[in-house]
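A.B. asks: This is the structure I want to talk about, given as structure tokens.
The values are calculated or read from the model by the stated rules, or taken from the named source; none is laboratory data. Owing to the predicted nature of the structure, the values given are computational and were not obtained by experimental measurement. Heads up, the Cβs are rebuilt from the backbone with ideal geometry, glycines too, and the neighbour counts pull from every protein chain shown. These accessible areas exclude ligands, DNA and RNA; they are computed on the full protein's heavy atoms, side chains included. Shrake-Rupley method; radii C 1.70, N 1.55, O 1.52, S 1.80 Å.
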Amino acid sequence: QVQLVESGGGLVQAGGSLRLSCVASGRAFGIYAMGWFRQAPGKEREFVASITQSDGSTAYATSVKGRFTIRDNAKNTVSLQMDSLKPEDTAVYYCAARGYTGDYNSWGQGTQVTVSS
């Protein structure tokens with residue numbers, strides 16, 4: 001079992017920046033990739049970004065490409081640097097992890113990001 005703990009959410013004005021962090025513990029040696037997802041009020045959870053631990057390859061949702069950067073900071077910690085934030089980025093952001101097979105199956109508790117206009 002993998003435990004994930006996020007930090008770094010908060011309130012920021014449009015155009016500002018925030019940095020989210022996620023620390024994995026437990027059976028973290030089995031992690032193949034880590035990612036960030038978000039869920040806005042009344043909407044389904046959506047993919048934001050991911051990074052594979054083996055080669056550092058990344059993927060981003062179209063809506064955040066060029067504004068958000070996911071990094072593997074080693075020691076089972078990933079971060080999400082969010083720049084040029086928009087009000088539509090307001091959501092609860094979740095860190096997730098997956099093994100070499102299957103889908104994301106470990107989730108953090110979520111951290112609130114609110115962007116004011």
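A.B. asks: When region 26-71 is examined, which residues are found to be small (Gly, Ala, Ser) and in contact with a Gly (Cβ under 6 Å, 6 or more places away or on another chain)?
C.D. replies: Result: GLY30, SER50.
A.B. asks: Write out, first by first residue and then by second, each pair whose Cβ atoms fall under 7 Å of each other, whose residues are 6+ apart or on separate chains, and whose first residue, in region 96-117, is without any contact (Cβ under 8 Å) to a residue 12 or more places away in the chain and closer than 25 Å to GLY16 by Cβ while the second is of a type in the set (Phe, Trp, Tyr) and open to solvent by 90 Å² or more (accessible area, probe 1.4 Å).
C.D. replies: Between residues of region 96-117 that are without any contact (Cβ under 8 Å) to a residue 12 or more places away in the chain and closer than 25 Å to GLY16 by Cβ and residues that are of a type in the set (Phe, Trp, Tyr) and open to solvent by 90 Å² or more (accessible area, probe 1.4 Å), there is no close pair.
A.B. asks: Where the second residue is acidic (Asp, Glu) and surrounded by 14 or more Cβ atoms within 10 Å (Cβ to Cβ) and the first is on the phi < 0 side of the Ramachandran plot and lies in region 20-31, which pairs have Cβ atoms under 8 Å and are six or more apart or on separate chains?
C.D. replies: Pairs found: LEU20/GLU6; SER21/GLU6; CYS22/GLU6.
A.B. asks: Quick one: in region 90-116, of everything that is in contact with a strand residue (DSSP E or B) (Cβ under 8 Å, 6 or more places away or on another chain) and part of a loop (DSSP other than H, G, I, E, B), which residue is surrounded by the most Cβ atoms within 10 Å (Cβ to Cβ)?
C.D. replies: Checking each candidate, the answer is GLY108.
A.B. asks: Return the total of residues in region 19-74 being within 19 Å of GLY9 (Cα to Cα), open to solvent by 20 Å² or more (accessible area, probe 1.4 Å) and β-branched (Val, Ile, Thr).
C.D. replies: Looking only at that region, the number is 2.
A.B. asks: Looking at LEU85, LEU80, can you tell me which residue is outside any strand (DSSP E or B), open to solvent by less than 20 Å² (accessible area, probe 1.4 Å) and under 15 Å from GLY9 (Cβ atoms)?
C.D. replies: LEU85
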